[in-house]
1. Could you tell me which of the residues I89, I29, I76 is modelled with pLDDT of 90 or more, in a helix (DSSP H, G or I) and of a type in the set (A, V, I, L, M, F, W, C)?
2. Which numbered condition in (1) open to solvent by 10 Å² or more (accessible area, probe 1.4 Å); (2) within 21 Å of S313 (Cβ to Cβ) is the only one that S80 fails?
3. All but one of (1) under 19 Å from R171 (Cα atoms); (2) outside any strand (DSSP E or B) hold for T227, so report the exception by its number.
4. Go through segment 90-117 residue by residue and tally those that are surrounded by 14 or more Cβ atoms within 10 Å (Cβ to Cβ) and out of contact with any Asp or Glu (no Cβ under 9 Å at 6 or more places or on another chain).
5. Among the residues of segment 57-70, is any among the hydroxyl-bearing types (S, T, Y), in contact with a Pro (Cβ under 9 Å, 6 or more places away or on another chain) and closer than 30 Å to F319 by Cα?
6. Looking only at residues that are part of a strand (DSSP E or B), β-branched (V, I, T) and modelled with pLDDT of 85 or more in segment 133-178, which one is surrounded by the fewest Cβ atoms within 10 Å (Cβ to Cβ)?
7. Pull out all pairs, ordered by first then second residue, where Cβ-Cβ is under 7 Å, the residues are six or more apart or on different chains, the first lies in segment 37-59 and is part of a loop (DSSP other than H, G, I, E, B), and the second is of a type outside the set (V, I, T) and open to solvent by less than 80 Å² (accessible area, probe 1.4 Å).
8. Within segment 248-258, is even one residue open to solvent by less than 50 Å² (accessible area, probe 1.4 Å), assigned to a loop (DSSP other than H, G, I, E, B) and either under 20 Å from E153 (Cβ atoms) or at pLDDT 85 or above (or both)?
Amino acid sequence: MFKILDKYIIKKYLGTFFLSIVLIISVSIVFDLAEKLDNFYSSHAPFKEIVLHYYMNFIPFFANLLTPLFVFISVIFFTSKMAYNTEIIAMLSTGMSFKRLLVPYFVSAALIGLMSFMLGGYIIPYSNSVRLDFQDKYIKKFKSEMSTNIQLELEPGMIAYIERYEKSQNRGYHFSLEKFNGKTLMSRLTAQYLIMDSLNHWHVSNYRLREFNGMYEKLTEGERLDTVINMNPADFFISAEEAPQMTITELRYYLKRQKERGIGGAKAFENEYNQRFAMPFASLILTLIGVSLSSRKVRGGTGLHLGLGLMMSALYVLFSTVSSTFAVNGSLPSIIAVWLPNLIFGSIGVYLYFKAPK
C-alpha cells in the first residue's frame, strides 16, 4: 500500500515531468515553425494539414524521443528542491531507508517507461507515417521513385535481380530469376522488363527461359509470359526513414523476412527495434542517478543540481547517438550499441546510489 509520502513524491514526479514536457515542446514548436515557415508558404501547405498532420504528430514523437531527458530534469529539479528545504533529511531521520525512499521514484519511472514503450511501439509509428508523408509532400522530398540493383532471395534457392525499378510506371528493367537445387543451377529466367498486374502476378516481356537437366538444356523464348513471383514492389523502396513508421510487431516481421530473403540495409531497422526496448529502461536508470545526485543538500542548491543533471543528460544523449551511429555503420552489433549507454550509466547510477547520503 502506498503511504501519504509515496503519493506526495509520485505526484511531484509526474507533475514536474508532464509540466516540463509541455514547456519544452511548446518552445520546440515555436522554433520549428520559425524554421519551416518559408517551406509551408512556398509549398502552399494548407493550415489544417500543418496543424493536424504535422504538429499534432510532431508533439508525441519528440515528447517520446526526449522522455529520458525530461525524466532526468524532473527528478533533479523537484528532488533538489526537497533536499534544499530539508525534506529529504526529515524523511531519512524518521527511520526511512534510502532504498525505501526510492520506491515511489521507481514506481513513477516504471509508469513513464511503460507509457513510453506503448507509445513508441504501437501508437507513434502511425503518427510518424502521417508526419513524414507531410514532410515529403510540403517540406523536403526524401521518398525515392526509383530503385536500382535490387537483389533478393524470394524463397530458399530462388534469387531475383532487377537492375532498375520505377515506381511511377510500376515497371522493372533487366530482370532475372534463378532457381538452385543446393549449388546446382536448375533454371534461369531473364526478361527485358516486367510489370506487376496484381499481388504476386507479374508480366515479363521479351523473356528467355533456360532450364537445365544435367548436360541438357531447354531454351524457351517469347514476347510475354504471365507468371506468379512472390515479391512486392514495396520491398524495393524501403529506406531507413521507414523504420520509425513501423510498430514493434512490424519491425520484428520485417527483420525476420529481411534475414530470410537476403535484402540488405537492415541495420537501421534492427537499431530501431532494439531502441524500442532499451529506451523505457533509461527512465529507471536516470531516475536512480538523479535521486542519488540531488538528494544531498549542498551549497548552490537547485542550480548546482540542475547544472549537473543537464551535463549528465547531455552526456547520455551524446553517448546514445554515438553508439547508434556505430550500430548503423556496422562497427558494433546493434543490441550491444543500443544497450551500452544503459549499462554504463546504470553502473554510474549504482555507484552514486552507494555514495548517496543514507
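The values are calculated or read from the model by the stated rules, or taken from the named source; none is laboratory data. Computed from a prediction, not measured in an experiment: that's the story for all the values here. No Cβ is skipped: glycine too gets one built from the backbone with ideal geometry, and neighbour counts run over all protein chains shown. For the accessible areas, the whole protein counts, side chains as well, though only heavy atoms, and no ligand, DNA or RNA atoms are used. Shrake-Rupley method; radii C 1.70, N 1.55, O 1.52, S 1.80 Å.
1. I29
2. Single failed check for S80: (1).
3. Checking T227 against (1) under 19 Å from R171 (Cα atoms); (2) outside any strand (DSSP E or B), the one that fails is (2).
4. Final tally of qualifying residues: 18.
5. yes
6. Going through the qualifying residues, I end up with I159.
7. Going by the 7 Å Cβ cut-off, the qualifying pairs are S43/Y138; A45/Y138.
8. no
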